[in-house]
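What follows draws every value from the coordinates through simple rules; no lab data is involved. Computed from a predicted structure; not experimentally measured. With ideal geometry, Cβ positions are generated from the backbone for all residues, glycine too; neighbour counts draw on all protein chains shown.
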């Protein structure tokens, strides 16, 4: 036990003396969490600009325009013709345009089908998706109102005309992200990735520093020739620090950014502890293959985005190519995010995600075994060379 405590004190001294390690391990998690999280503070966008050309100029076309403009999602920008609307879209002043043809009201009142045109800048998928869903909803609502008025004029009562207007009544209930906003979807995963990458980079660089400064044998001697004590002693500082960061994110950051935790805090703590322990061992294993701390920083910093992309969070896991799925399964991030998001957003439990929990445990055991073999090899090489 004394050896483990000595290694912990040694690790604390090393991190406090190394400004780069101190920054990445103790300051970066908080700074990055607030900096990147603040980008999605509003979670969703409002008042997306949509050009509108009304060549009909009738009561129904004006009603449709007013309905668009009254939604929180759309800000109508009047345009005189299609060319003007297209020019505004090309310049980025609007994200699309809506065209109402002449004879629009006449066709509707004659119970004939009429067409409207919606052209969107689909290169920006969030605004175009939001505009499409809102415009569709408004058009269906206005169309239903016109049909109901017609049926009422034919002598039908309110109930009968409503049934004729809307024969299929869909009860739509979006769960877990009721506002259907991108920020609510992304923020929990983003904070988890920040926690992972700062820990992975810091632990890997700290272990690389042991090799670079030829301190590995000294660490081995402090542990009384026990590799398991080496790993456990070095892990303690990072484990406790990042468990505190994880708790801070769950309480403070989630509260600031308006993210609700629907699951059990104990389950969240257990899966976070298992994930942090796995990342620490994984980071040491990766760091053992670098010879300089600078090179370790350079490689691992650029791994953040690829790791995020292949975890199946930004794109469904099933839609990833098979070889990418296999690569994703070798990373602790994938099973952790499945369980973490299930607990935070869906109110799931560890029992609901047992396969992912077992997956993470297996990865931890494999990384631990490989790390022990790698350290044995490095120590043997150092002893021979010295």
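Points worth noting:
- Remark: 291, 148 ranked as 291, 148, counting other beta-carbon atoms within 10 Å and listing the fewest first.
- Helix-derived mean residue ellipticity, 222 nm - over the chain, DSSP H n ≥ 4, -39500 (n - 2.57), to 500: -21000 deg cm²/dmol
- Nearest-ten-degree value, helix 125-153 long axis tilted from longest Cα axis of the chain: 30
- A simple spin-label model places pseudo-atoms 7 Å from Cα toward Cβ; at residue 330 and residue 75 they are separated by 4.9 nm.
- Length-normalised contact order of the stretch 48-165 in % [C-alpha pairs under 8 Å, at least 6 apart]: 27
- Inter-centroid distance (Cα atoms) of the stretch 1-70 relative to the stretch 272-348, Å: 19
- Taken over the alpha carbons of the stretch 244-386 as equal point scatterers, the Debye sum produces base-10 log I(q)/I(0) values at 0.22 Å⁻¹ of -1.43.
- Gyration tensor (alpha-carbon) shape descriptor, the stretch 48-165, a/c threshold 1.5: prolate
- For the chain, share of DSSP beta bridges that run antiparallel, in % to the nearest 5: 35
- Percent antiparallel among DSSP beta bridges (both partners in the stretch 48-165, rounded to 5): 35
- When the Gaussian network model of the chain links Cα atoms closer than 10 Å, the mean-square fluctuations of 34, 207, 125 top out at 125.
- Between residue 260 and residue 228, the modelled labels are 4.6 nm apart [label points 7 Å from Cα along Cα→Cβ].
- Relative contact order (%) - criterion: Cα under 8 Å, at least six apart; region: the chain: 19
- For the chain, the longest principal axis of the C-alpha atoms and the axis of helix 265-287 are separated by about 60°.
- Residue among 230, 315, 156 with the largest mean-square fluctuation in a Gaussian network model of the chain, springs linking Cα atoms under 10 Å: 156
- Springs between Cα atoms under 10 Å define the GNM used for the chain, and in it the highest mean-square fluctuation of 190, 360, 64 occurs at 64.
- Using only alpha carbons, the chain has a radius of gyration to Kirkwood radius ratio (Rg to Rh) of 1.16.
- Fully extended contour minus Cα-Cα distance, from residue 317 to residue 380, at 0.36 nm per residue: 18.5 nm
- Cα long-axis angle, helix 2-17 against the chain (0 to 90 degrees, to the nearest 10): 60
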